[in-house]
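These notes are about the structure you will find just below.
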């Protein structure tokens with residue numbers, strides 16, 4: 001399966017985390033422990049793509065791939081928010097989880113589906129969206 005995450009409504013480059021302002025906010029997809037394909041927080045939109053292998057297990061579907069996180073039965077993909085300093089160092093401050101079992105109704109094991117997840121990247125308080133992604137901030141469809 002090809003998972004394509006399309007982010008829109010980014011929150012901007014500046015955000016105040018408690019009393020510590022972040023002046024160069026970026027978001028990326030997390031592969032292993034590292035954020036990749038970083039996009040500035042004031043961009044018009046963002047697109048990430050990742051290949052995910054979908055397989056059957058006794059309790060349903062399981063997922064594998066470079067961006068897949070979590071244990072069997074609770075796998076997900078992270079969108080990772082961070083502040084990038086002048087040296088290019090990314091300091092993570094928030095993450096959002098796209099739960100892969102939320103895609104199950106769109107998938108067939110071993111299939112070559114293309115699933116598009118459209119995500120509103122700004123939360124109800126005007127900050128970077130975090131925690132588990134769910135409607136109405138998340139819309140899923142198969143092409």
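Take the residues in the range 16-29 that are surrounded by fewer than 20 Cβ atoms within 10 Å (Cβ to Cβ) and in contact (Cβ under 8 Å) with a residue 12 or more places away in the chain; name whichever of them is nearest to residue 93 (Cα to Cα). Lay out the reasoning, then the answer.
Here is the first cut: in the range 16-29, the ones surrounded by fewer than 20 Cβ atoms within 10 Å (Cβ to Cβ) are 16-21, 23-24.
If we keep only those that are in contact (Cβ under 8 Å) with a residue 12 or more places away in the chain too, we end up with 17, 23-24.
On the way: 17: 8, 23: 12, 24: 12 Å.
Across the range 16-29, the extreme among qualifying residues is 17.
For the range 6-57, how many residues meet the condition of being touching a helix residue (DSSP H, G or I) at 6+ places or on another chain (Cβ under 9 Å) and at positive phi?
0
Is there a residue in the range 75-82 that is farther than 15 Å from residue 12 by Cα, modelled with pLDDT of 95 or more and part of a loop (DSSP other than H, G, I, E, B)?
Yes, there is a match, as at least one residue in the range 75-82 is farther than 15 Å from residue 12 by Cα, modelled with pLDDT of 95 or more and part of a loop (DSSP other than H, G, I, E, B).
Can you name every one of the strands (runs of 3 or more DSSP E) wholly within the range 1-65 that holds 1 or more residues which are farther than 22 Å from residue 134 by Cα and at pLDDT 95 or above?
On the way: elements: 2-8, 15-17, 20-22, 25-31, 34-40, 45-51, 53-57, 60-64.
Because the criterion is at least 1 residues that are farther than 22 Å from residue 134 by Cα and at pLDDT 95 or above, the strands (runs of 3 or more DSSP E) in the range 1-65 that meet it are 25-31, 34-40.
For residue 45, are the conditions met, namely being over 18 Å from the mean Cα position of the chain (by Cα), within 19 Å of residue 140 (Cβ to Cβ) and in contact (Cβ under 8 Å) with a residue 24 or more places away in the chain? Let's see the steps before the verdict.
Working: over 18 Å from the mean Cα position of the chain (by Cα): no; within 19 Å of residue 140 (Cβ to Cβ): yes; in contact (Cβ under 8 Å) with a residue 24 or more places away in the chain: yes.
Taking the combined requirement at face value, the residue does not satisfy it.
Restricting attention to the range 122-143, which residues are touching a strand residue (DSSP E or B) at 6+ places or on another chain (Cβ under 8 Å), surrounded by 10 or more Cβ atoms within 10 Å (Cβ to Cβ) and in a loop (DSSP other than H, G, I, E, B)? Before the answer, list the steps.
Filtering the range 122-143 for residues touching a strand residue (DSSP E or B) at 6+ places or on another chain (Cβ under 8 Å) gives 122, 127-133, 136-143.
Checking the rest, the ones that are also surrounded by 10 or more Cβ atoms within 10 Å (Cβ to Cβ) come to 122, 127-133, 137-142.
Within the range 122-143, 127, 129, 130, 133, 137 qualify.
Name the residues in the range 64-97 that are touching a helix residue (DSSP H, G or I) at 6+ places or on another chain (Cβ under 9 Å) and under 15 Å from residue 32 (Cβ atoms), would you? Spell out the reasoning first.
The first filter runs over the range 64-97 and keeps only residues touching a helix residue (DSSP H, G or I) at 6+ places or on another chain (Cβ under 9 Å), leaving 68, 70, 73-77.
Across the range 64-97, the qualifying residues are 68, 70, 75, 76, 77.
Can you tell me which residue is surrounded by the fewest Cβ atoms within 10 Å (Cβ to Cβ) among those in the range 81-98 that are touching a strand residue (DSSP E or B) at 6+ places or on another chain (Cβ under 7 Å) and over 19 Å from residue 16 (Cβ atoms)?
97
List the number of the failed condition for residue 101; all other conditions in (1) assigned to a strand (DSSP E or B); (2) surrounded by 12 or more Cβ atoms within 10 Å (Cβ to Cβ) hold.
(1)
Does the range 105-121 hold any residues that are in a strand (DSSP E or B) and either modelled with pLDDT under 95 or under 15 Å from residue 93 (Cβ atoms) (or both), and which are they? So that I can check it myself, show each step before the final result.
Just the residues of the range 105-121 that are in a strand (DSSP E or B), to begin with: 114-120.
Listed by number, the list is empty, since nothing qualifies.
The values are calculated or read from the model by the stated rules, or taken from the named source; none is laboratory data. Predicted, not measured: the structure shown is a model, and the values here were computed from it. A quick note on method: Cβ atoms are made from the backbone with ideal geometry, for glycine too, and the neighbour counts reach across all protein chains shown.
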